[in-house]
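Engineer: The structure follows.
The values are calculated or read from the model by the stated rules, or taken from the named source; none is laboratory data. Bear in mind the structure is a predicted one, so any value in this text is a computation, not a measurement. Cβ coordinates were reconstructed from backbone atoms using ideal geometry, including for glycine residues, and neighbour counts include every protein chain displayed. For accessibility, only protein heavy atoms count, side chains too; no ligands or nucleic acids. Shrake-Rupley method; radii C 1.70, N 1.55, O 1.52, S 1.80 Å.
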Amino acid sequence: MTASIAVILPAAGRSTRFSGREKKPFVSLDGRPVWLRAAELFWSRDDVTKLYLVVAPEDREMFRTRFAHLIAFANAEVVDGGTERCDSVANALARIPEDVPFVAVHDAVRPLTPHILIDTVFAAAQRHGAAIPALAVTDTLKQVDQQRITATVSRQGLFQAQTPQVFRRDWLVQAYAQRSQISEPITDDAQLVEAAGHPVTIVPGSPLNFKITTPEDLELAEAVIKLRATKKSASRLGFHDEAQW
């Protein structure tokens, strides 16, 4: 039997690297806001109980005014964000009923996640307790100080983490309760679960599952959506299975 999963979509970031009048989750991506395209990946799934959309308090009124009808349609709850990303996730986590066994956290600015990747990471989390998608690092890594290379870093065993990251709810609650014990910056939820002593399994990520961080990323996402819209283009690229897109 498939376990029930609540999905948290953090969209409360400051978008400091995105030059524009709107924050990244709210900009239009081929006619629909980025956050909506991310939410659509989950809201029709039978194993998803509810979406929790986390927005900054200063954006709450705008968000409800612009998207109230979509929030209702998506069976979503709007949650106030916190100072840091982990604070935002903690706020949403506190709203999830205790009888929901699994929680997924997915960046609201990853709107192109292939459905097959979601299926795979959801299944892996249910088998192992915690799972994330990740891509092996293929580029050469350089350590730099003041624009000068100080070392070449081995990429052996290094992976680039993606979302959705999926965890047993009790593991994630425990990890967040202990987050004050971590001295380094917290950059994803798996970091907290690892620190709490729980193993996290990885599944193969996808190059299409990138975050929209810059205006160039938005242009690339637009191009991917246009390619997805044409079966002819997808076939030419070697993607015959729609789920891979």
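Engineer: Please state the Cα pair-distance histogram of the chain with 10 angstrom bins from zero: what percent is in each bin?
Structural biologist: Going from the shortest bin to the longest, the percentages are 7, 29, 37, 22, 5, 0.
Engineer: Along the charge dipole of region 59-121, pointing to its positive end and built from +1/-1 on Cβ of Lys, Arg, Asp and Glu, which listed residue (Ala90, Val79, Ala68) has its Cα farthest out?
Structural biologist: Among Ala90, Val79, Ala68, the one farthest towards the positive end of the dipole of region 59-121 is Ala68.
Engineer: Also, quick follow-up: Got a sec to turn the phi values of region 34-44 into Karplus ³J(HN,Hα) couplings, 6.51 cos²θ - 1.76 cosθ + 1.60 with θ = phi - 60°, whole Hz, x for Gly and Pro?
Structural biologist: Values, residue by residue: 4, 4, 5, 4, 5, 5, 4, 5, 10, 5, 9 Hz.
Engineer: Suppose all protein chains stay in the model; what accessible area per residue would a 1.4 Å probe give for the chain, in Å²?
Structural biologist: Working: 13040 Å² over 245 residues.
Accessible area per residue, the chain: 53 Å².
Engineer: How long is the gain from Glu194 to Thr150 if the chain were fully straight, where each residue apart is worth 0.36 nm and the alpha carbon distance is subtracted? Can you show the working numbers first?
Structural biologist: Working: separation 44, 0.36 × 44 = 15.84 nm, distance 2.94 nm.
Fully extending the segment from Glu194 to Thr150 adds 12.9 nm.
Engineer: For the chain, compute the number of Lys pairs whose alpha carbons are separated by less than 28 Å, excluding pairs fewer than 8 positions apart on the same chain.
Structural biologist: Count of close lysine pairs: 11.
Engineer: Still on this structure: How big is the convex hull of the Cα atoms of region 37-127, per residue, in Å³?
Structural biologist: So the per-residue Cα hull volume is 104 Å³.
Engineer: Whole-Hz ³J(HN,Hα) for each residue in region 70-75, computed from phi via Karplus 6.51 cos²θ - 1.76 cosθ + 1.60 with θ = phi - 60°, x for glycine and proline: what do you get?
Structural biologist: Once θ is set to phi - 60°, the couplings for region 70-75 become 6, 4, 5, 5, 7, 6 Hz.
Engineer: Report, in debye and to the nearest 20, how large the dipole of region 40-182 comes out about its Cα centre when Lys and Arg carry +1 and Asp and Glu carry -1 on their Cβ.
Structural biologist: 360
Engineer: Can you give the accessible area of Arg60 in Å² (nearest 10), computed on protein heavy atoms with a 1.4 Å probe?
Structural biologist: 80
Engineer: As a test of the formula, what do you get for the chain when each DSSP H run with n ≥ 4 contributes -39,500 (n - 2.57) and the sum is divided by the residue count, at 222 nm and rounded to the nearest 500 deg cm²/dmol?
Structural biologist: -9500 deg cm²/dmol
Engineer: What are the ³J(HN,Hα) couplings of region 48-55, residue after residue, when phi is run through the Karplus curve with 6.51, -1.76, 1.60 and θ = phi - 60°? Round to Hz, x for glycine and proline.
Structural biologist: 9, 7, 6, 9, 10, 8, 9, 10
Engineer: I've got another one for you. Summarise the accessible area of region 122-212 (1.4 Å probe, protein heavy atoms) by the percent that is carbon and sulfur.
Structural biologist: The C+S portion of the solvent-accessible surface of region 122-212 is 48 percent.
Engineer: A further question on this structure: What ranking of Asp30, Asp139, Asp59 comes out by heavy-atom accessible area, probe 1.4 Å, highest first?
Structural biologist: Asp139, Asp30, Asp59
Engineer: On a 1.4 Å probe surface of the protein chains, which of Glu40, Glu84 comes out largest in accessible area, and what is the full order?
Structural biologist: If we order Glu40, Glu84 from most to least accessible, we get Glu84, Glu40.
Engineer: Something else: So the label point goes 7 Å from the Cα of Thr83 along Cα→C-beta, right? Which residues of region 157-190 then have their backbone N under 13 Å from it?
Structural biologist: 180, by backbone N distance to the label point.
Engineer: When the dipole is taken about the Cα centre of the chain, and only Lys, Arg (+1) and Asp, Glu (-1) are charged at their Cβ, what size is it in debye, to the nearest 20?
Structural biologist: 560
Engineer: Ile8's amide H: which non-local residues (gap 5+, or another chain) put their own amide H closer than 5 Å, with H modeled 1.01 Å from N in plane and none for Pro or chain starts?
Structural biologist: Close amide H contacts, sequence-distant or interchain: Tyr52, Ala104, Val105, His106.
Engineer: Something else about it: Find the all-direction average of the projected area of the Cα convex hull for region 21-70, expressing the result in square nanometres with one decimal place.
Structural biologist: Average of the hull's projected areas for region 21-70 equals 4.0 nm².
Engineer: Regarding region 170-210, what are the three Cα extents along the principal axes, ordered largest first, in Å?
Structural biologist: 34, 21, 13
Engineer: Which of Val34, Gly157, Ala12 sits farthest toward the positive end of the charge dipole of the chain, with +1 on the Cβ of Lys and Arg and -1 on the Cβ of Asp and Glu?
Structural biologist: Result: Val34, furthest along the dipole toward the positive end.
Engineer: Sorted by accessible area with a 1.4 angstrom probe, largest first, how do His128, His198, His106 fall?
Structural biologist: His128, His198, His106
Engineer: Extension gain Ser180-Val137, at 0.36 nm per residue separation less the Cα-Cα distance, in nm? Intermediate values should be presented prior to the final figure.
Structural biologist: Numbers: separation 43, 0.36 × 43 = 15.48 nm, distance 2.97 nm.
Full extension of this stretch gives 12.5 nm more.
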